[in-house]
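**Q** Please find one structure pasted underneath; my questions will follow.
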Amino acid sequence: LRCQAAPLPRACHGWQASMKSGSLSYIIPCNRLPVQLMSQVRVYTSNGQKKDLGSEGTNGSTPQETPHKVGTGQDTSNAGQKQSFLKEPIQVKVKAVLKKREYGPKYTQNNFITGVRAINEFCLKSSDLDQLRKIKRRSPHDDTETFTVYLRSDVEAKSLEVWGSPEALARERKRRKEAEIKYRENLFRNQRLLREYKEFFGNTKPRSSTAAMFFKGPGKVVMVAICINGLNFFFKLLAWVYTGSASMFSEAIHSLADTCNQALLALGISQSARTPDPSHPYGFTNMRYIASLISGVGIFMMGAGLSWYHGIIGLLQPHPIESLLWAYCILAGSLVSEGATLLVAINEIRRSARAKGLSFYQYVVQSRDPSTNVVLLEDAAAVLSVAIAATCMGLTSLTGNPYYDSVGSLGVGTLLGTVSAFLIYTNTEALLGRSIQPEQLQRLTELLESDPVVRAIHDVKATDMGMSKVRFKAEVDFDGRVVTRSYLEKQDIELLLQEIQQVKTLEELEAFMLKHGENIVDTLGAEVDRLEKDLKQRNPDVRHVDLEIL
């Protein structure tokens, strides 16, 4: 480094020594940084203090103040340029920032805890909580305004006061856990004994709400179909035994498949009425779709499969058919009974579609009510299959050719296969979780976007969970200014201004910001609750709303 440096007028602790070797000058720094100007020298230390080393002119009166010259006249011109360049003193500004705080267990002990958790986790009584500080907090539920919480540190201190030591508290927790396990085992044993007594003495318990489901709506349709199809199966089976007709055998198998499938639908309806539990927080409504899906598979395997098998056997090994008079009578009765069940299913679907604002075709295709849809399609297929079987049996009676009867059996099997394929497709789509109608989704989106507190929404999803239950999810970009203004509108501005004017230190500023920052976050939570309530009011089918804050 080639430099022209004037020696300091006095000892400076910012530099330990300076050495010169030819035209090179070496300076060894220490813990201070000197800043040397042509007019003034200031030394800034690490503790923020500055120290003036006096001023010096361009022409010194002493040898120590005389600049050490090395080189020719070019060096003198360089010194003049340095003098003109460094005229103003260097000023250093220090930015005041808060020290980063490490949040450990000591800080998290000041978190809030509800009374139920305090009693269960710390083995306390409700009377023990009466002496603790109570804090009212915003409730996340719609039915309650606020609820009481306690400081976790206060609860922990109270538990140590009650039990004496952490070891004693741990022993009590272990004892209570063992008692809870024993209680559950006894409860299971008592429930099993109660079931045995009910089976022996008879159950005199009043009819439950689950049983009442089978006297109205889809449950009524399913029960009517079970009774009618059961009777049809019995009489068709007798007619097949008497006549040996392949078409009549297909009809008997068809009625048996319908009876079993509708019994499965009744089981699905009863299971869907179960209340949600921790393992299934969204309930059991999809049990209807599962039962309908299994029913569609059962129709395909039992109804279509056996009908095709019997029809193929009839083509390969034809045999003469006995009198078909009783078969025609039974088919006529079956046509009347299946038609009555079909009318019941049609009326139920029309009523439900009108309530949802949908057409009959849309309600069936979207599988809004899988149980009623299965009954509708099965009975429609039954009516058509009766017509096919009667036609083919009539041709066999007129021509004496048993092949027409076997072709009728194949036709019934094909019809059942088509119905089962439609049921499998619609119920699979429902179980996969499809989106709601675009018009409904657009209305929900417009409701969010028109709210002043919302700046933008992203990744909007509305999933039909089945049985008119919709789950809505969206990522919401909230306007922080509107949220803050909503908080300020509820405050006394003059009192808030006085509180601001009293802030003098960094600690007071931190306390002020923490206090009002927490309140603003609570205000944001209240805005989220309000939006969720508005969405549910706009579309009653929306049962679960998940709004993610960006």
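**Q** Taking the criterion of being touching a Ser or Thr at 6+ places or on another chain (Cβ under 9 Å), at pLDDT below 85, within 29 Å of Asn519 (Cα to Cα) and not assigned by the TED database to the domain that holds Glu532, would at least one residue in the range 150-163 satisfy it?
**A** Yes, that holds for at least one residue.
**Q** Is it fair to say Ile290 is at pLDDT 85 or above, open to solvent by less than 60 Å² (accessible area, probe 1.4 Å), closer than 30 Å to Gln437 by Cα and in a helix (DSSP H, G or I)?
**A** Details: at pLDDT 85 or above: yes; open to solvent by less than 60 Å² (accessible area, probe 1.4 Å): no; closer than 30 Å to Gln437 by Cα: yes; in a helix (DSSP H, G or I): yes.
Spelling it out, it is not the case that Ile290 is at pLDDT 85 or above, open to solvent by less than 60 Å² (accessible area, probe 1.4 Å), closer than 30 Å to Gln437 by Cα and in a helix (DSSP H, G or I).
**Q** Tally the residues that are part of a loop (DSSP other than H, G, I, E, B) and surrounded by fewer than 19 Cβ atoms within 10 Å (Cβ to Cβ), restricting the search to the range 360-401. Step through it out loud before you land on a result.
**A** First, pick out the residues of the range 360-401 that are part of a loop (DSSP other than H, G, I, E, B): 366-369, 400-401.
Then keep just the ones that are surrounded by fewer than 19 Cβ atoms within 10 Å (Cβ to Cβ); that gives 400-401.
Of the residues in that region, 2 qualify.
**Q** Scanning the range 465-477 for residues that are in contact with a strand residue (DSSP E or B) (Cβ under 7 Å, 6 or more places away or on another chain) and open to solvent by 20 Å² or more (accessible area, probe 1.4 Å), which turns out modelled with the lowest pLDDT? Break it down into steps so the answer makes sense when it comes.
**A** Narrowing the range 465-477 to residues in contact with a strand residue (DSSP E or B) (Cβ under 7 Å, 6 or more places away or on another chain): 465, 469-477.
Restricting the remaining residues to those that are open to solvent by 20 Å² or more (accessible area, probe 1.4 Å) gives 465, 469, 471, 473, 475, 477.
Working: Met465: 80, Lys469: 83, Arg471: 89, Lys473: 92, Glu475: 92, Asp477: 92.
So the residue we want is Met465.
**Q** Something else about it: Of everything in the range 274-287 that's in contact with a helix residue (DSSP H, G or I) (Cβ under 7 Å, 6 or more places away or on another chain) and open to solvent by 50 Å² or more (accessible area, probe 1.4 Å), which residue is farthest from Arg434 (Cα to Cα)? Spell out the reasoning first.
**A** Here is the first cut: in the range 274-287, the residues in contact with a helix residue (DSSP H, G or I) (Cβ under 7 Å, 6 or more places away or on another chain) are 284-287.
So of that shortlist, the ones also open to solvent by 50 Å² or more (accessible area, probe 1.4 Å) come out as 286-287.
Numbers: Asn286: 13, Met287: 16 Å.
The selected residue is Met287.
**Q** Determine whether the range 424-437 contains at least one residue that is crowded, with 17+ Cβ neighbours inside 10 Å, touching a helix residue (DSSP H, G or I) at 6+ places or on another chain (Cβ under 7 Å), among the β-branched types (Val, Ile, Thr) and at pLDDT 90 or above.
**A** Scanning the range 424-437, I find no residue that is crowded, with 17+ Cβ neighbours inside 10 Å, touching a helix residue (DSSP H, G or I) at 6+ places or on another chain (Cβ under 7 Å), among the β-branched types (Val, Ile, Thr) and at pLDDT 90 or above, so the answer is no.
**Q** Quick check, is Gly413 of a type in the set (Gly, Ala, Ser), out of contact with any Leu (no Cβ under 6 Å at 6 or more places or on another chain), modelled with pLDDT of 85 or more and over 30 Å from His544 (Cα atoms)?
**A** Working: of a type in the set (Gly, Ala, Ser): yes; out of contact with any Leu (no Cβ under 6 Å at 6 or more places or on another chain): yes; modelled with pLDDT of 85 or more: yes; over 30 Å from His544 (Cα atoms): yes.
In short, yes.
**Q** Here is a follow-up. Tell me whether the range 264-273 contains one or more residues that are of a type in the set (A, V, I, L, M), part of a helix (DSSP H, G or I), within 25 Å of Leu377 (Cα to Cα) and open to solvent by 50 Å² or more (accessible area, probe 1.4 Å). Outline the logic, then answer.
**A** Residues of the range 264-273 of a type in the set (A, V, I, L, M): 264-267, 269, 273.
If we keep only those that are part of a helix (DSSP H, G or I) too, we end up with 264-267, 269.
With the extra rule that they be within 25 Å of Leu377 (Cα to Cα), the set shrinks to 264-267, 269.
Next cut, open to solvent by 50 Å² or more (accessible area, probe 1.4 Å) only: 267.
So far as the range 264-273 goes, yes, one or more of its residues are of a type in the set (A, V, I, L, M), part of a helix (DSSP H, G or I), within 25 Å of Leu377 (Cα to Cα) and open to solvent by 50 Å² or more (accessible area, probe 1.4 Å).
**Q** Sticking with this structure for a sec: Restricting attention to the range 164-206, which residues are at pLDDT below 85 and outside any helix (DSSP H, G or I)?
**A** Gly202, Asn203, Thr204, Lys205, Pro206, listed by residue number.
**Q** Sticking with this structure for a sec: Taking the conditions exactly as written (aliphatic (A, V, I, L, M), in contact with a Phe, Trp or Tyr (Cβ under 9 Å, 6 or more places away or on another chain), within 26 Å of Lys356 (Cα to Cα) and not in a helix (DSSP H, G or I)), does Val545 satisfy them or not? So that I can check it myself, show each step before the final result.
**A** On the way: aliphatic (A, V, I, L, M): yes; in contact with a Phe, Trp or Tyr (Cβ under 9 Å, 6 or more places away or on another chain): yes; within 26 Å of Lys356 (Cα to Cα): yes; not in a helix (DSSP H, G or I): yes.
It is true that Val545 is aliphatic (A, V, I, L, M), in contact with a Phe, Trp or Tyr (Cβ under 9 Å, 6 or more places away or on another chain), within 26 Å of Lys356 (Cα to Cα) and not in a helix (DSSP H, G or I).
**Q** Further, regarding this structure: List every residue pair whose Cβ atoms lie under 7 Å apart, where the two residues are 6 or more positions apart in sequence or sit on different chains, the first residue falls within the range 518-539 and is without any contact (Cβ under 8 Å) to a residue 12 or more places away in the chain, and the second residue, located anywhere, is not in a helix (DSSP H, G or I).
**A** Lys536/Val542; Lys536/Val545
**Q** For the range 484-511, how many residues meet the condition of being farther than 30 Å from Arg455 by Cα, in a loop (DSSP other than H, G, I, E, B) and either open to solvent by less than 100 Å² (accessible area, probe 1.4 Å) or of a type in the set (A, V, I, L, M) (or both)? Can you show your working first?
**A** Taking the range 484-511 first, the residues farther than 30 Å from Arg455 by Cα are 495, 498-499, 501-508.
Then keep just the ones that are in a loop (DSSP other than H, G, I, E, B); that gives 502-505.
If we keep only those that are either open to solvent by less than 100 Å² (accessible area, probe 1.4 Å) or of a type in the set (A, V, I, L, M) (or both) too, we end up with 503, 505.
So the count comes out to 2.
**Q** Another question about this same structure. Working only within the range 330-359, note down all residues that are in contact (Cβ under 8 Å) with a residue 60 or more places away in the chain and either open to solvent by 30 Å² or more (accessible area, probe 1.4 Å) or in contact with a Leu (Cβ under 6 Å, 6 or more places away or on another chain) (or both).
**A** Answer for the range 330-359, where residues must be in contact (Cβ under 8 Å) with a residue 60 or more places away in the chain and either open to solvent by 30 Å² or more (accessible area, probe 1.4 Å) or in contact with a Leu (Cβ under 6 Å, 6 or more places away or on another chain) (or both): Ile330, Gly333, Ala340, Val344, Ala345, Lys356.
**Q** Test of understanding: among Leu231, Leu256, which residue is open to solvent by less than 90 Å² (accessible area, probe 1.4 Å), in contact with a helix residue (DSSP H, G or I) (Cβ under 9 Å, 6 or more places away or on another chain) and at pLDDT 65 or above?
**A** Numbers: Leu231 fails: open to solvent by less than 90 Å² (accessible area, probe 1.4 Å).
One residue alone meets the criteria, Leu256.
The values are calculated or read from the model by the stated rules, or taken from the named source; none is laboratory data. Just so we're clear, the structure is a prediction, and the values are computed from it rather than from any experiment. Reconstructed Cβ throughout: ideal geometry from the backbone, glycine too, with neighbour counts over all protein chains shown. Accessible surface areas use protein heavy atoms only, side chains included; no ligands, DNA or RNA. Shrake-Rupley method; radii C 1.70, N 1.55, O 1.52, S 1.80 Å.
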